[in-house]
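All of the numbers you see were taken from the coordinates with simple rules; none came from a lab. This one's a predicted model, so the numbers in the text were calculated from it and none came from an experiment. All Cβ positions, even for glycine, are placed from backbone atoms using ideal geometry, and neighbour counts span all protein chains on display.
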Amino acid sequence: MEIFCKLDNLQRTGSFKERGARNALAQLSPDQQKRGVIAASAGNHAQALAYQGSLLGIPATVVMPKFAPLIKVSTCQQLGANVVLHGTDFGEAKARALELAKEKGLAYIDGYDDPAIIAGQGTMALEIVEQDFRPRRADHSGRWCRFARRSFVGHQNSAAEHENRGR
């Protein structure tokens, strides 16, 4: 058996989260890019938003719970983000981030429920399919493609069902 790994841990911030952050920031209007963005995160999403924001010249604020690891807080600061420590848990940090977004006209970028974040992180799957990961033995032929197709179609159907329930 061969195992292929997608080493997104080698990204600058050590996580696949950069993919989603870059995509979400790139889709903002020029006016919103000038005003900036805000997120609540205890780590990887905050770092990704700080890093990609600095590359694109978009001001980023991250609200982190007071328990956030010091290395994550200091990395976000080094990457140019305005870091706000607030709350004893993620829920309190998120509530504060939403308040600040409204007060300051910042776009709130959710690390989990934002379609642009999800699509950006999904680029990993596209890269895997585009790369030459053909099995070297005939007995595995086509298995990956069938799995990928079933997964993609299954997720599409699931998303469509969710959309239809909301109407």
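Below, the figures for the structure above:
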{"quantity": "Sparsely packed trypsin sites (Lys or Arg not before Pro) within the stretch 1-67, loop by DSSP, other Cβ within 10 Å at most 13", "calculated": "Lys6, Arg12, Lys66"}
{"quantity": "Compactness relative to 2.2 N^0.38 Å, alpha carbon Rg of the stretch 10-119", "calculated": "0.93"}
{"quantity": "FRET efficiency estimate (nearest 0.05) - Cβ-Cβ, Lys102 to Cys5, R0 45 angstrom", "calculated": "0.60"}
{"quantity": "Calculated from backbone phi, Karplus (6.51, -1.76, 1.60) coupling profile of the stretch 11-22 in Hz, x at Gly/Pro", "calculated": "5, 3, 9, x, 8, 5, 4, 4, 4, x, 4, 4"}
{"quantity": "Other-chain or far-sequence residues with amide H under 5 Å of Asn82's (modelled H)", "calculated": "Ala60, Thr61, Val62"}
{"quantity": "FRET efficiency, Ser54 to Ala119 (Cβ-Cβ, R0 25 Å, nearest 0.05)", "calculated": "0.70"}
{"quantity": "Selection of chymotrypsin sites (Phe, Trp or Tyr not before Pro), the stretch 1-90, meeting DSSP coil and at most 13 other Cβ within 10 Å", "calculated": "Phe4, Phe67"}
{"quantity": "In order through the stretch 68-82: 3J(HN,Hα) via Karplus (6.51 cos²θ - 1.76 cosθ + 1.60), integer Hz, x for Gly, Pro", "calculated": "4, x, 4, 4, 5, 4, 5, 5, 4, 5, 5, 7, x, 7, 7"}
{"quantity": "Gain in span if fully extended, Thr88 to Gln32, counting 0.36 nm per residue against the direct Cα distance", "calculated": "17.2 nm"}
